[in-house]
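Heads up, the thing below is written out as structure tokens.
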Amino acid sequence: MTPATRAERSCPKCGAANATEARFCSQCATSLVPRSCASCSQALAHDAKFCGQCGAPVVA
Ligand SMILES: [Zn+2]
Ligand SMILES: [Zn+2]
């Protein structure tokens, strides 16, 4: 059967396929949802620990 209606989200770190609603990779626990800085709303890289725009620490 072809799961036509079931999209998957591949992990940016390990490439594992995860359900689109998954927030973290089932294989390596990398966050799958785009994050933004709480201070300036700049989009953050999935593995960023500090905001590239304002330097605020990223809260996991
Ligand atoms: Zn992964
Ligand atoms: Zn920021």
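Considering each residue of the range 17-37, count those that are within 10 Å of the chain's Cα centre (by Cα) and part of a loop (DSSP other than H, G, I, E, B), and give that number. Outline the logic, then answer.
Applying the first criterion (within 10 Å of the chain's Cα centre (by Cα)) to the range 17-37 yields 22-25, 29-35.
Subsequent filtering for residues that are part of a loop (DSSP other than H, G, I, E, B) retains 22-23, 25, 29-30, 32-34.
Number of matching residues: 8.
Restricting attention to the range 19-36, report how many residues are within 13 Å of residue 46 (Cβ to Cβ), touching a residue at least 12 places away in the same chain (Cβ under 8 Å) and not basic (Lys, Arg). Talk me through it step by step, then tell me what you get.
Our first condition is that a residue be within 13 Å of residue 46 (Cβ to Cβ); within the range 19-36, this holds for 23-25, 28-36.
Adding the requirement that they be touching a residue at least 12 places away in the same chain (Cβ under 8 Å) leaves 25, 28, 30-32, 34-35.
Cutting the leftovers down to not basic (Lys, Arg) gives us 25, 28, 30-32, 34.
Residues that pass the stated criteria total 6.
Give the residues of the range 14-37 that are in contact with a Lys or Arg (Cβ under 6 Å, 6 or more places away or on another chain) and either within 25 Å of residue 50 (Cβ to Cβ) or more than 8 Å from ligand 1 (Cβ to nearest atom) (or both), sorted by residue number.
To start, the set of residues in the range 14-37 that are in contact with a Lys or Arg (Cβ under 6 Å, 6 or more places away or on another chain) comprises 18, 20, 28, 30, 32-33.
The answer is 20, 28, 30, 32, 33.
What is the residue count in the range 38-60 for residues that are more than 12 Å from the chain's Cα centre (by Cα) and either within 8 Å of ligand 1 (Cβ to nearest atom) or assigned to a loop (DSSP other than H, G, I, E, B) (or both)? Reasoning before the result, please.
As a first pass, look at the range 38-60 and keep what is more than 12 Å from the chain's Cα centre (by Cα): 38-42, 49-59.
Now restrict to residues that are either within 8 Å of ligand 1 (Cβ to nearest atom) or assigned to a loop (DSSP other than H, G, I, E, B) (or both): 38-42, 49, 51-56, 58-59.
Final tally of qualifying residues: 14.
No lab work stands behind these numbers, since they all come straight from the coordinates. In this text, all values refer to a predicted model and were calculated from it rather than measured experimentally. Don't worry about glycine lacking a Cβ; one is built from the backbone with ideal geometry, like all the others, and counts go over all protein chains shown.
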